[in-house]
Structures are given as C-alpha cells and as structure tokens.
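What follows is a set of notes on a single structure, which appears directly below.
The values are calculated or read from the model by the stated rules, or taken from the named source; none is laboratory data. Small disclaimer: the values here were computed from a predicted structure and weren't measured. Reconstructed Cβ throughout: ideal geometry from the backbone, glycine too, with neighbour counts over all protein chains shown. Only protein heavy atoms, including side chains, enter the accessible area calculation; ligands, DNA and RNA are left aside. Shrake-Rupley method; radii C 1.70, N 1.55, O 1.52, S 1.80 Å.
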Amino acid sequence: MEKIKKLINYIFLFVSFLAISVSYPTTVWTGNLLIRLTNRLSVTVYQSFFGVLVVVFVVFFQCKYHRSVIKWSDWPYWFFGMITASLYVITLSVSNLNVNNLTGKLNVFITIIALLGFSYLFTNFAALLGQLISHLKLKKWLVNYWLVVFILIVVWFLQVFPLLPGLVTWDGYRQFVEYFHTYIPSLNFTYYPTGHHPWSATLILGFLFSIGRAIGGVNVGLFTIVLVQILLAALIFAKVVFFVGKNCGKIAAILAMIFYSSPFVAFWEVTIEKTPLFLTFTTWFVLTYAEILLINRQKNVSKWLYIEITFSGIMMAMFRNDGVYVVFLSLIVLIIVESFQRKKDARQLLFGFLIFLTAYLGWYKVALPLMNVLPGSTGEAISVPMRQLSAVVIHDPKSLNKNDLAVIDKITPIKDIPVNFNVNNADNLKSLYPVDTFLRSPAEIKMIQSGKLKKTSTLVTKKETNDYLKVWIEQAFQHPTTYIATFLAGNSQFLNPIIDDNPGSRGIMYDNGYMKSATFLQPGWFNEVHYWMSDSMRRYISWPNIIFSLPIIRSILQPAFALWTILFSTFYLMYRKSFAVLICIPVGLLCLISLLSPLNGGEKYILPAMYVLPVILSIVIATTQRGFRK
C-alpha cells in the first residue's frame, strides 16, 4: 500500500510540474497538435525557474516532515486545494472573457492537468501551513489596552496630518449634498434623500459635521468627523490587538499592531464617507462574534458581549446596505449553535437578534418612508445578472428571440450595451437601468428631470425587472459557459491572488482635486474647504504606494488574499474538528458580498474582510494551542 501511495505522489509531482508550465492566455489555436501543445506550454524563464522551486519546496516539505497528503484524514486540505486550484486555473483561463482555453480537446485536457497539478500543490501548501501552526509554542500576552489606543491615535495622526481637516471623497460629497438638500443653480436641480448610500450613515455624518461647523466653521466640521472615526477605530482595533495577544502571544499581537497602525488603515481614517465607520463596526461585530464562540461552554457569556454584538450589528446594517445580510445570517447560525451549547445564553442572544431585527425593520420600513427617503435603485443589486446577460447579447445575440430582446431592451437598451459593457466595471452598465439614484453626471440629472430616468421604481419598472431576471435565469441554461466566464472574469482579482492590476494606492485617496470640476456635486460650503497644511507638506503624501508595491506586502494586500486566507482557515479548522470554524461564517460572507460588487478588485469592497483577518488568524492559531470546543 505504501508503494502505491509513493507512486501516486510521484505522478502528482510530475503533473504539478506540468501544471506550472501551462501558459495563459492561449494566443494560437490553429496549427497541428505539436504547435498548439508548444503554445500552451510556453512559459517565461522566470516561470520555469519558479516551477522548479515550487516542486523542490514540496519535496523538501514531504521529506522533512515525512508528510504525505495521500490519505483520507487530509480531506479538508484536499478540498482547499481543489477549490483554490479551480479559482486559480479558471480565472486565468477566462481572462477578458476569452474562453478558448476551455474549448477543444487539447485545451480541455491541459486544463484538467492544470487543475490536478495545482490541486496537489495547494493541498501540500495547506498541509505545510497546518504543520507549522501545530508546532507553534505561544504564551499568553496581555497588552496594555489603553497604551495601544494611544499609540494607534498618535501613529495615525503622524501619517495623515497633511490631509487634515479630512479628505471628502466623491461618495462623501454625495452624502453631504443629499443631507443639505443642496440646490445646483446651473441644473435647476435640488438633491433629495435616497438610499443609494444608507440614509442613516448620511444622517450621522451630516450631524457630526453640523456640530463641528457650529463650533468653528466648515473645516472644523470635517475634522469632527475624522476625530470621531479615529477615536472609535482606535478603541476597536486596540481590542483586536488585545484579543490577538491573549490568544496567540506577543509576536502575533505586535504583527496585528503593525497592521492596524499601517497606512493601509491610517489613511482610511482621514477619509470622509461611510466606509471608515463601517469598517470599524464590522471589525467590532466579528471580534465580539469570535469572543462568544471561544468562551468555554461551562462559562456564561457576559451580557456586555451580547450588547456589543447587537449594537455593532445594528450599526453595520446602518452603514452599508449589504451589512444586514452578514449580520442576519451570522446571528441565526450562532443562535442555533448556542441553543445546543448554552440554552440560557442562546435566549439572550435571541433577544439581541430580535432587537437588531426590530431596529432594522423599523428604520427601513417605517422611518425612511416617513422621511420621504427614496430607496436605492435595483440596478445597484443586479450588476452581476446585467453583465452576464449583456455578454450573451454581445457574443451570441441570435440565441435570443424577439421577446427576450424586447425584455432586455427595457432594462438595458440593446444599442447601448456594447458601448457600456465592461466585464471589470459595471458602473456604466448599471446606469442604463431605468431607475437612477447613482446620478454620476449632469447628463444623468437632466435625464431624471426629463423623465427618461425615474427617481424610484414604479409597478411597471418592477414588473420589467422581474421579466428581465426571468430571461436571465432562462439564458443561464443555454449559456452556462458565458455566465461562468463572465462572473469569474468580472471577479478575477477577488478570486486569484496573482491577477492584480497596478496596486497603486490600494483604494486610498491622497487628493480630491477632481471635485473642483464636479460642480454638480458641490455643497454650498465647498469653496470654504481647505487643507490646514501647505501644499509642500503633501508633496510626498503618496509614499505608502512604495510600501504597497513591495514583495509580500503587495500579495497580502491583494484582494484575493483575504478570500484564500478564509478558505484555508475554514478547512484547517475543519481538519482540527474545531467548533471555532463558525467564525468563518461572518468573514466568509464579507468576502462573498464583494463578488457582487460592480468593480473587479475594488479594494473598498473587500476591506471589511481584510480588516478582520487578525481575528480569524488568531483563532486558527489558538485552536492548536488550547482545547477549544469541538
């Protein structure tokens, strides 16, 4: 039996070497078999050298630890390997919606080889990480919580002070013009409250600004928002550092401290829009979720934890429209599990859940209609179906009958699809939707005024949208390859860690000069806004870009790193048969929601998952160090 396992292992090693040799994308599909095969196995010298190193690394790991993954108990690692290999190979194969790598007998055969080879490699990497984690010897380290809070605040201010009183983004100004019902004379247009950005978040930002403005003017108003963001973030991220130190020791706590004090976090705290506070409340929710999970079943959970998870969950839902789904599903699962573990605590958790549900429904179903807040456009939520169905219209229009085309034309005018379709960015496409709360330009505002676009959905629009979604579902059975390719290509940077555009600022803003020309989005006090520091102080403000481009750091900050880390954590905790695997539910949902976003690799959409990685990684390590519930 051992000889058979060794033979299988050698075969997999050879297949892995071939998998690394496969090139993407295919550029030549004609010629004889030898020419096509040579084209698919044509890699650069760098890739060739990298392939040798990878195989040698795997062999070294197996020899050093006498570790083979050819056994049933490693099924969680194999699942991780197969899922990540599929994401890796298929996203490379469908780059820019080119599906030639998946057509033809030779290409299909090579794709299968690549899937098998990378499955084996990634399985070994997961087993290696698991082996290393199991050998860690860590001691509990209790950090000084208030010292961490102080250090975070000081370090952040030292990095961002040239941008004070704060940097208002496009979305931030959009929230302000709605809050103040700004009138734009050149368009004879007055902004009205909408749910494009959660109105609760707009109210809170507007309220904080108004307090500061009353004290010291517009710039003090902006600084008031920044100050609140920094104070809240420092309090919550310091809790994470404390949690990491308590569970994983000194080195892990210091690494968490470095992450949260880095410019990747600091520069968001000086940014004015809904995102910074959403990130803080999300981190708070996930941290509290983890603390409840890891409390021994013989101990009662502090009531303060239930208050914290309820309040942070409510604020998550109030600061981003999709936050409610993460909180709702995560709490449901936790209630069910706790009902078997601690019935008394489960009742308290259920009470907190009911408070969350009441607050959410009361706000969105009662309060917002009373305040005449228009709901956000449905087009925001169906960007994935719009991209998939539009891809069919472009690449295979003959497969659609006249009725289907008529239905599609009402939601996305057929003649406008080719010009506005971009698999990596659906903003232009979703702006074709007949209801527009996005209002990206004066042209869209004029279309609202003329009636060509609607402020809110009517019964007719809702019916047309339902018909559109029916066609979308029907076409899924006729064009499964196009649908899968469009989805994977449109999310390739969220799914594959080596597909990464120029990292640049990683979504961080260092200036908002573009707002000077966007007169249609300027509040009445726009011209009063000015930096407190001179222009020379901001000359090198984009210095974090150098750090973001460095090896390892670039990979860690790449959007797909968060997803792959969560996948590994999930299957590692399954391998350990740990009850703590439930922490992967809220974090996994944060990742999955990013796959529904309109922008491929948009850092802002994956930031919530990235910010809570120290929490989930500390749990992964801690489950090996101590006996958590199984």
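If only residues of segment 53-82 that are outside any helix (DSSP H, G or I) and surrounded by 14 or more Cβ atoms within 10 Å (Cβ to Cβ) are counted, the one that is modelled with the highest pLDDT is 70.
Exactly one residue out of 566, 552 is more than 30 Å from residue 183 (Cβ to Cβ), of a type in the set (Val, Ile, Thr) and open to solvent by less than 30 Å² (accessible area, probe 1.4 Å): that is 566. Scoring residue 377 on the criteria (1) of a type in the set (Ser, Thr, Tyr); (2) more than 29 Å from residue 517 (Cα to Cα); (3) in contact with a Phe, Trp or Tyr (Cβ under 8 Å, 6 or more places away or on another chain) leaves a single failure, condition (2). Residue under question is residue 604, and the condition is that it be on the phi > 0 side of the Ramachandran plot and either outside any helix (DSSP H, G or I) or of a type outside the set (Val, Ile, Thr) (or both); does it hold? No. Filtered by the rule that a residue be within 19 Å of residue 417 (Cα to Cα) and open to solvent by 30 Å² or more (accessible area, probe 1.4 Å), segment 442-469 gives 443, 447, 452, 464, 467, 469.
Number of residues in segment 493-505 that are open to solvent by less than 10 Å² (accessible area, probe 1.4 Å) and not hydrophobic (A, V, I, L, M, F, W, C) equals 1.
Yes or no, residue by residue, for (1) over 22 Å from the mean Cα position of the chain (by Cα); (2) without any contact (Cβ under 8 Å) to a residue 40 or more places away in the chain; (3) at negative phi:
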{"residue": "440", "(1), (2), (3)": "yes, yes, yes"}
{"residue": "443", "(1), (2), (3)": "yes, yes, yes"}
{"residue": "446", "(1), (2), (3)": "yes, no, yes"}
{"residue": "456", "(1), (2), (3)": "yes, no, yes"}
{"residue": "483", "(1), (2), (3)": "no, no, yes"}
{"residue": "488", "(1), (2), (3)": "no, no, yes"}
{"residue": "494", "(1), (2), (3)": "no, no, yes"}
{"residue": "498", "(1), (2), (3)": "no, no, yes"}
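If the condition is being more than 20 Å from residue 581 (Cα to Cα), modelled with pLDDT of 90 or more and open to solvent by 30 Å² or more (accessible area, probe 1.4 Å), then segment 316-349 contributes only 320. Residues that are farther than 27 Å from residue 516 by Cα and in a helix (DSSP H, G or I) within segment 414-458 comprise 414, 415, 416, 417, 418, 419, listed in sequence order. Selection of segment 509-525 for residues being under 21 Å from residue 602 (Cβ atoms), part of a loop (DSSP other than H, G, I, E, B) and open to solvent by less than 80 Å² (accessible area, probe 1.4 Å) yields 509, 510, 512, 518. Restricting attention to segment 210-233, the residues that are of a type in the set (Gly, Ala, Ser), free of Cβ contacts under 8 Å to residues at least 40 places away in the same chain and open to solvent by 10 Å² or more (accessible area, probe 1.4 Å) add up to 3. For segment 239-253, the condition holds for at least one residue, the condition being that it is open to solvent by 50 Å² or more (accessible area, probe 1.4 Å) and either without any contact (Cβ under 8 Å) to a residue 40 or more places away in the chain or among the β-branched types (Val, Ile, Thr) (or both). With the condition kept exactly as written, say whether any residue in segment 365-373 is basic (Lys, Arg) and more than 14 Å from residue 482 (Cα to Cα). Yes, segment 365-373 has at least one match.
List the helices (runs of 4 or more DSSP H) inside segment 270-364, counting only whole elements, that have at least 3 residues being β-branched (Val, Ile, Thr).
On the way: elements: 275-294, 303-319, 323-341, 343-361.
Counting at least 3 such residues, we get 275-294, 303-319, 323-341.
Is segment 479-497 home to any residue that is modelled with pLDDT of 90 or more, part of a loop (DSSP other than H, G, I, E, B) and of a type in the set (Val, Ile, Thr)? No; the residues of segment 479-497 include none that is modelled with pLDDT of 90 or more, part of a loop (DSSP other than H, G, I, E, B) and of a type in the set (Val, Ile, Thr).
Among the residues of segment 276-302, what is the count of those that are at pLDDT 85 or above and open to solvent by 10 Å² or more (accessible area, probe 1.4 Å)? First the steps, then the outcome.
Step one: filter segment 276-302 for residues at pLDDT 85 or above, giving 276-292.
Of the ones still in play, those that are also open to solvent by 10 Å² or more (accessible area, probe 1.4 Å) are 281, 284, 291.
Qualifying residue count for the region: 3.
For segment 605-630: of the residues being within 12 Å of the chain's Cα centre (by Cα) and either among the β-branched types (Val, Ile, Thr) or at pLDDT below 90 (or both), which is farthest from residue 566 (Cα to Cα)? The extreme case among them is 606. Give segment 131-171 a look and list any residue that's within 30 Å of residue 517 (Cβ to Cβ) and either assigned to a helix (DSSP H, G or I) or of a type in the set (Lys, Arg) (or both), or say none. 159, 160, 161, 162, 163, 170, 171 - these are the residues of segment 131-171 that are within 30 Å of residue 517 (Cβ to Cβ) and either assigned to a helix (DSSP H, G or I) or of a type in the set (Lys, Arg) (or both).
Which ones in segment 537-549 are part of a helix (DSSP H, G or I), farther than 29 Å from residue 129 by Cα and open to solvent by less than 20 Å² (accessible area, probe 1.4 Å)? Listed by number, the list holds a single entry, 544. Between a residue in segment 1-14 that is within 16 Å of residue 51 (Cα to Cα) and any residue that is open to solvent by less than 60 Å² (accessible area, probe 1.4 Å), which pairs come within a Cβ distance under 6 Å, given they are 6 or more apart or on different chains? Listed by first residue and then by second, the contacts come to 12/120. Across segment 580-592, the number of residues qualifying as touching a residue at least 60 places away in the same chain (Cβ under 8 Å) and open to solvent by 30 Å² or more (accessible area, probe 1.4 Å) comes to 2.
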